[in-house]
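Everything below concerns the one structure shown next.
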Amino acid sequence: MRLKPVVLLAMLVVLAIVGTLLALKKAEGTNNHPGKVGGDFTLTSANGPVSLSDFEGKAKLVFFGYTHCPDVCPLTLANVKVGLKQLPEALRNQVQTIFVSVDPKRDTFDHLSEYVSFFDPSFVGLTGTKEEVDRVVRQYGAFYRIEEGDGKNYTVSHSARLYVIGKDNQIKQYLYHDSSSEEIAEAIKKLLAAN
């Protein structure tokens, strides 16, 4: 039995998608043990330098991405926004969401601030020089790669972990871009109950 060209093409597309997803998972590293990576860092917002430790007494949600991301970043930030809204205000006030841009070439401080504020005014957008960003990316076991493109028209492949960080600035749990708002809310409740 011969397969029709359309079926073969569909199979190739599915295999390419699966291969890409597996490569992204592998590139994120095999270290799934919170506490072995992470910690305090300092990058820059539209209002100046910001350190993780500036948010003393708060849990943190940290995500690495870029503002021109067509899907993963907006989905993650939207789910975080909805997840936080499911919490009582007293718990919500104990959480700081931080979006770290791995694309400082396009993501100026003001543009980054405007982008994260679209999701929630309390969210903080940080970036820095390529060297500064690379240092924090390594520190967190994350990754990114600038894909080929012309001028400012390019995409960035990047890890899709949402880091759930305790008040002690240590990673307590990993969630992902497709974690539901309910999963995010439950992770925060569990984290804050343990502190």
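So the values come out like this:
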quantity: Residue check for Leu75: buried (at least 17 other Cβ atoms within 10 Å of the Cβ) and modelled with pLDDT of 95 or more; calculated: no
quantity: Meets criteria (exposed (fewer than 11 other Cβ atoms within 10 Å of the Cβ) and modelled with pLDDT under 75) for Thr30; calculated: yes
quantity: Residues being touching a residue at least 60 places away in the same chain (Cβ under 8 Å) and either of a type in the set (A, V, I, L, M) or in a helix (DSSP H, G or I) (or both) - total across region 86-110; calculated: 5
quantity: Filter result (touching a strand residue (DSSP E or B) at 6+ places or on another chain (Cβ under 8 Å) and free of Cβ contacts under 8 Å to residues at least 60 places away in the same chain) within region 120-144; calculated: Asp120, Ser122, Phe123
quantity: When residues of region 167-176 are limited to those that are over 17 Å from Ala90 (Cβ atoms) and out of contact with any Leu (no Cβ under 6 Å at 6 or more places or on another chain), the one surrounded by the most Cβ atoms within 10 Å (Cβ to Cβ); calculated: Ile171
quantity: Residue check, Asp110 within 21 Å of Gly38 (Cβ to Cβ), surrounded by fewer than 21 Cβ atoms within 10 Å (Cβ to Cβ) and among the charged types (D, E, K, R); calculated: no
quantity: Residue satisfying all of: in region 52-85; aromatic (Phe, Trp, Tyr) and not in a strand (DSSP E or B); farthest from the chain's Cα centre (by Cα) among these; calculated: Phe55
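The values are calculated or read from the model by the stated rules, or taken from the named source; none is laboratory data. Small disclaimer: the values here were computed from a predicted structure and weren't measured. Glycine gets a Cβ as well: all are built from the backbone with ideal geometry, and neighbour counts include every protein chain shown.
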